[in-house]
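Report on one structure; see the data block that follows.
The values are calculated or read from the model by the stated rules, or taken from the named source; none is laboratory data. Just so it is clear, the structure is predicted and the values come from calculations on it, not from any experiment. When we count neighbours, we look across all protein chains shown, and the Cβ atoms used for this are built from the backbone with ideal geometry, even at glycine. These area figures cover heavy atoms from the full protein model, side chains too; ligands, DNA and RNA do not enter into them. Shrake-Rupley method; radii C 1.70, N 1.55, O 1.52, S 1.80 Å.
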Amino acid sequence: MAKKKAEEITENVNVNENINIENLQEQPIEHTGSNDTIEEQTIAKKLLSLHNIQQICSKIDQIRVIRGELPNEVRDLEDAHEGMLTRISKYKEDVQDLEQRITNQDLKIKESIALIKRYEEQQNNVRNNREYDSLTKEIEFQKLEIQVAEKHKTRFAAEIVTKGEEIAQFETKLEEIADILQQKKNELDDIIADTEKEEKELMEKYDLYKKNVDQRLLVAFERIRKNARNGLAIVQIDREACGGCFSMIPPQRQLDIRLHKKIIVCEACGRIFIDKQLVENQGPEA
Ligand SMILES: [Zn+2]
C-alpha cells in the first residue's frame, strides 16, 4: 500500500516535469531578449490563473468541511434531548410505582382496622380470659402492622418528593436543550442555504476560470490537488520552504521561482510553485 502511494507521488512529479518541458517547448525556440519577456509573462499568467483557481478550490473545500460538521452538532443535541426525555419518563414511572405502593399500604391499614374492629367485637362475646387475651394479642399485632405500613408510606412519600424535585430539574434542563436545539437548527438551516449558494457561485467561477488555463497544466493541477492532504496544488515559498510540504528549497531554485521563466514543481511533493511577489502584484482576486 505504502509502496503504491510512493509510486503515485513519483508519477505526479514526472507528469509535472513533463509539463514543464512541454510548456517550454510551446514557446518560441529562438530566445531573443523580447521573447524571454513574452515567455515570462506567459508563464506568469499561467501561474496566476492556477493560483486563482486554487483560491476558489480552497474556498469550496472549506465550505464542505464546515457543512460536514454541522449535522453532527445538531445530532448531538437531538441525542441529548431524547436522552433527557427518556430519563424524565423513567422517573415519572418510578413516581407512579411509589404511588401504587402507598395505595397498597393504605389497603393493608384498612384491613388491619377492620380486623381490630372485628376482634374488639369478639372480645364482648368471649367465654373465658384465655380467649380474651388471645384476641388482645391479635389486636396488638394488627396495630403494629399499621405502624409498619405508616412508616413505609412516609418513606415512599419522601421518595416521591425527591423524584418530583429531580423531574423538575430535568424539565428545566430539557427546555434549555430544546431552546439551543431550535436555535442551532435555524442557524444551521441558514448556513446550509448560504453555503449552498456560495458553493454554487464558486463552482460557476471555477468552470469559468478553468477555460483560461492550459489544459495539461489543469489536469496536473487537479491530480496534485486530489493527492494533497490540504488540497493545495500550487503553493508559495514560506520561510525558504515549500508552502505545501515544508521541505527546504535551495536558494538557486528560489531564484528560478522568482524569475518564473518556467513552471517549477517541488521535488519533494510535486506541488507547483508560484512566486509570492507575482501573487501580491496581482492584487486581491478570486
Ligand atoms: Zn513540497
Members of segment 201-212 found to be under 16 Å from residue 58 (Cβ atoms) and in contact (Cβ under 8 Å) with a residue 60 or more places away in the chain, listed by number: 202, 203, 205, 206, 209, 210
Among (1) in a helix (DSSP H, G or I); (2) away from the ligand (no atom under 15 Å from the Cβ); (3) under 30 Å from residue 68 (Cβ atoms) - the single one residue 225 does not satisfy: (2)
The one condition in (1) assigned to a helix (DSSP H, G or I); (2) within 12 Å of the ligand (Cβ to nearest atom) that residue 246 fails to fulfil: (1)
Where a residue in segment 236-251 is over 15 Å from residue 224 (Cα atoms) and its partner, wherever it lies, is of a type in the set (S, T, N, Q) and within 8 Å of the ligand (Cβ to nearest atom), with Cβ under 9 Å and at least six apart: 241/247
Members of segment 123-144 that are under 20 Å from residue 101 (Cα atoms) and open to solvent by 80 Å² or more (accessible area, probe 1.4 Å): 143, 144
Single condition residue 190 does not satisfy, out of (1) open to solvent by 80 Å² or more (accessible area, probe 1.4 Å); (2) farther than 21 Å from residue 67 by Cβ; (3) free of Cβ contacts under 8 Å to residues at least 60 places away in the same chain: (2)
Matching entry among 253, 223, 258 (being among the charged types (D, E, K, R) and under 37 Å from the mean Cα position of the chain (by Cα)): 223
Of the criteria (1) within 13 Å of residue 54 (Cα to Cα); (2) not in a loop (DSSP other than H, G, I, E, B), which one residue 252 fails: (1)
Meets criteria (more than 11 Å from the ligand (Cβ to nearest atom), out of contact with any Pro (no Cβ under 7 Å at 6 or more places or on another chain), open to solvent by 30 Å² or more (accessible area, probe 1.4 Å) and under 30 Å from residue 91 (Cβ atoms)) for residue 178: yes
Evaluation of residue 106 against (1) free of Cβ contacts under 8 Å to residues at least 24 places away in the same chain; (2) open to solvent by less than 90 Å² (accessible area, probe 1.4 Å) (one fails), failing number: (1)
Residue within segment 273-286 that is over 16 Å from residue 50 (Cα atoms) and within 16 Å of the ligand (Cβ to nearest atom) present: no
Odd one out for residue 212 among (1) within 14 Å of the ligand (Cβ to nearest atom); (2) in a loop (DSSP other than H, G, I, E, B): (1)
Failed item, numbered, when residue 241 is tested on (1) in contact with a Lys or Arg (Cβ under 8 Å, 6 or more places away or on another chain); (2) at pLDDT 95 or above: (1)
Count - residues of segment 59-78 that are out of contact with any Leu (no Cβ under 7 Å at 6 or more places or on another chain) and open to solvent by 40 Å² or more (accessible area, probe 1.4 Å): 13
Hits in segment 193-230 (condition: open to solvent by less than 30 Å² (accessible area, probe 1.4 Å) and polar (S, T, N, Q)): 195
Count of residues meeting criterion [more than 24 Å from residue 281 (Cα to Cα) and of a type in the set (Lys, Arg)] in segment 41-72: 2
Residue among 234, 263 that alone is more than 10 Å from the ligand (Cβ to nearest atom) and at pLDDT 95 or above: 234
Test: residue in segment 187-198 that is at pLDDT below 90, more than 36 Å from the chain's Cα centre (by Cα), in a helix (DSSP H, G or I) and not β-branched (Val, Ile, Thr): no
